[in-house]
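See structure below.
Any read-out appearing in this document is the output of simple, stated calculations on the displayed coordinates, not a laboratory observation. Remember, predicted model here, so these are calculated numbers, not experimental data. Methodologically, a virtual Cβ is constructed for each residue, glycine included, from the backbone with ideal geometry; neighbour enumeration extends over all protein chains shown.
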Amino acid sequence: MRIFLFVVFFVVIALAKEPLPQTFATMATPLYEASEHFEKIAKDEKFQKELDSYKTFATQLRHEGLRVDTTEDKKQKFAYLKELRKLQKKYDYLLYLLHNNIYDAITRNDYERFANLIRYRFDGFLEQSALLEKALSFYNKHKHTQKIALLESMQQKEQLIEESFEELQQAMEEAEYHPDAKTTKKRSVYISSKATQRGIDVYFTNNNLYDVTLNVSSRYNNIKESRYFPKEFVLKAKQTRKFAHLSFVGNDIPSYSYRYRWVMGSVDAQHNDNYLYRFPYKSGSAYRISQGYNGTQTHKGRSRYAIDFVMPRGTKIYAARGGVVVKTKSDSNQGGFDKKYRSDGNYVTIMHDDGTFATYYHLKQNGVLVNVGTKVAEGEAIGYSGTTGYSSGPHLHFAVFKAQSATYTQTLPTRFKSAQGIIKEPKKGQAYKAQ
């Protein structure tokens, strides 16, 4: 056993000290460095056996990669790429085993083992939403005994998303682009490329009725980039713009890929703070506010200026401000005060002439009266209230928001005209009569 551990130790040291191959480095480097991450984590016998196999293969392939760096033979390079893909599969299997270990630690209520397993973050780790939710829930029950830095930071990120969920779940999307990959999913914001005599031109297209704020991360091998925009930029509605020109460098095989995300709306939009909204229900009627600004349940952080109106299912909802309908959902009949219903809420989202948006959320199934692309006037009927999505009971969630970055939206304070006069900050427990 000592001899075995001695050999494993020197394999890890050898992997750490040897130079890394530069051919397909974007893909290869994380795979070669993975051994070090996996070594630091407690694991079972099956995991250790697979890790030993992984390290042996990685060591052999690393030597092959350094040799391929010195050749111009494309067949050898493609053969090396094929082997890298095999290593990737081994990596994915190790990740699968590690995730199973985490599930097992949670099931057995073994927090010490859990803490040993969740200490480092690397590609693919805890990216399964179901596992992440279980891990954070388990951590919250036990963190008083030992805090884990990785989960603390992940929890803060999840909290930001949770605090603006009703708006953000409609607004933020992300995607990847690999020029050789076949994709059947149609996206409203997408990348296209065009070969030129001197390289490749890369374009972004926004097919939405609204501007979007984009954030782009790129990976290049043997490519020089000439970029026309910063990493984060605004792409107008129904617009295609050239993002970059890629030039090939040297004689090695070039490769590139992108990961990008976007939020509906422009970060440059300026809300008209002088605008007086009408309450989103029938003139002359009044409904009580169950949660106002900085509410104790869900109206926090980036969603702190949202308002909840208590009203029976089927109450007709009216536009608080005119604009263009840009998104709707009406097919859900699911709801309850449980996070599993977070994506089940029906809604109408209207874009205003200043580039901000209003969301009318928790509508009943088939309770949307307007179509995407339709221009609606202030006071026009747009739907019926309900209790779909993450909801404790029948009510209407209303908020005005804008893009704050390519990751987050921010709700905005709104003033209302009413039979009682101008309402600057609707209060919990109060009922206001719509004009």
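Defining a contact as two alpha carbons under 8 Å apart and six or more residues distant in sequence, what relative contact order in percent does the chain show?
Working: 885 pairs, mean separation 58.2, N = 435.
Relative contact order comes out at 13 percent.
Assign one of three labels to region 276-433, namely rounded, prolate or oblate, based on the Cα gyration tensor with a ≥ b ≥ c the square roots of its eigenvalues; rounded applies when a/c is under 1.5, prolate when it is not and a/b is larger than b/c, and oblate otherwise.
It comes out rounded by the Cα gyration axes.
According to the Cα gyration tensor, what semi-axes, each the square root of 5 times an eigenvalue, does the equivalent ellipsoid of region 169-264 have, listed from largest to smallest in whole Å?
Working from the Cα gyration tensor, I get semi-axes of 24, 14, 12 Å.
How much length is gained if the chain between ALA431 and ASN272 is pulled fully straight, taking 0.36 nm per residue apart and subtracting their Cα-Cα distance, in nm to one decimal?
Stretched out fully, the ALA431 to ASN272 stretch lengthens by 54.7 nm.
Which aspartates and glutamates, on any chain, are close to LYS74 with Cα under 15 Å apart, when same-chain ones fewer than 8 places away are left out?
Here the aspartates and glutamates satisfying the reach criterion relative to LYS74 are GLU64, GLU83, ASP252.
Could you calculate the FRET efficiency of ASN366 with SER343 from 1/(1 + (r/R0)^6), where r is the beta carbon distance between them and R0 is 22 Å, rounded to 0.05?
Rounded to the nearest 0.05, the efficiency is 0.80.
Work through the residues other than VAL325 whose Cβ is under 14 Å from its Cβ and net out their charges, Lys, Arg +1 and Asp, Glu -1.
Local net charge: +1.
Compute the FRET efficiency between LYS186 and LEU136 as 1/(1 + (r/R0)^6), taking r as their Cβ-Cβ distance and R0 = 30 Å, and round to the nearest 0.05.
Details: r = 32 Å, r/R0 = 1.08.
In this case the efficiency is close to 0.40.
Here are some pairs, LYS231/LYS327; LYS90/LYS242; LYS147/LYS428; LYS141/LYS364; LYS82/LYS147; LYS86/LYS141; which of them have Cα atoms lying more than 31 Å apart in this structure?
With Cα atoms farther than 31 Å apart: LYS90/LYS242; LYS147/LYS428; LYS141/LYS364; LYS82/LYS147; LYS86/LYS141.
Among LEU117, LEU131, rank each residue by its count of other Cβ atoms within 10 Å, from fewest to most, as a rough exposure measure.
Starting with the residue having the fewest Cβ neighbours, the order is LEU131, LEU117.
If each residue of separation counts as 0.36 nm, what is the full-extension length gain between HIS245 and GLU33 once their alpha-carbon separation is subtracted? Each step should come with its number before you reach the end.
Numbers: separation 212, 0.36 × 212 = 76.32 nm, distance 3.08 nm.
Result for the pair: 73.2 nm of gain on full extension.
Expressed as a rounded percentage, what relative contact order does region 276-433 have, with Cα pairs under 8 Å and six or more residues apart?
Taking the mean separation of contacting Cα pairs over the length of region 276-433, I get 31 percent.
Sketch the reach of a paramagnetic label on ARG288 as a point 7 Å from Cα along Cα-to-Cβ, and name the residues of region 335-367 whose backbone nitrogen lies under 20 Å away.
It comes to 337, nothing else.
Could you pull out the trypsin sites (Lys or Arg not before Pro) across region 64-122 that fall in loop regions by DSSP (anything but H, G, I, E, B) with no more than 12 other Cβ atoms inside 10 Å?
Numbers: sites: ARG67, LYS74, LYS75, LYS77, LYS82, ARG85, LYS86, LYS89, LYS90, ARG108, ARG113, ARG119, ARG121; in loops: ARG108, ARG119, ARG121.
Sparse-neighbourhood loop trypsin sites (Lys or Arg not before Pro): ARG108.
7 Å from Cα along Cα→Cβ at both GLU83 and TYR228: what's the point-to-point distance in nm?
Those two pseudo-labels are separated by 4.2 nm.
Suppose R0 equals 25 Å. What FRET efficiency, 1/(1 + (r/R0)^6) with r the Cβ-Cβ distance, do HIS63 and ARG198 give to the nearest 0.05? Walk me through the numbers on the way to the answer.
Working: r = 36 Å, r/R0 = 1.42.
For R0 = 25 Å, the calculated efficiency reads 0.10.
Please enumerate, by chain and number, the lysines with C-alpha under 17 Å from the C-alpha of LYS339, excluding those fewer than 8 residues away in the same chain.
Within the straight-line cut-off, LYS339 pairs with LYS134, LYS157, LYS300.
For each pair in LYS46/LYS77; LYS236/LYS402; LYS282/LYS375, compute the distance between the two Cα atoms and list the pairs where it is over 22 Å.
From LYS46/LYS77; LYS236/LYS402; LYS282/LYS375, over 22 Å: LYS46/LYS77.
Relative contact order (percent) for region 169-264, with alpha-carbon contacts under 8 angstrom and 6 or more residues of separation?
Over region 169-264, the number comes to 38 percent.
SER217 to ARG108: extension gain in nm, 0.36 nm per residue of separation minus the Cα-Cα distance? Don't skip to the end; give the middle numbers.
Numbers: separation 109, 0.36 × 109 = 39.24 nm, distance 3.93 nm.
Extending this stretch completely gives an extra 35.3 nm.
Specify whether the C-alpha gyration tensor of the chain places it in the rounded, prolate or oblate class, a ≥ b ≥ c being the square roots of the eigenvalues: rounded for a/c under 1.5, otherwise prolate if a/b is larger than b/c and oblate if not.
Oblate.
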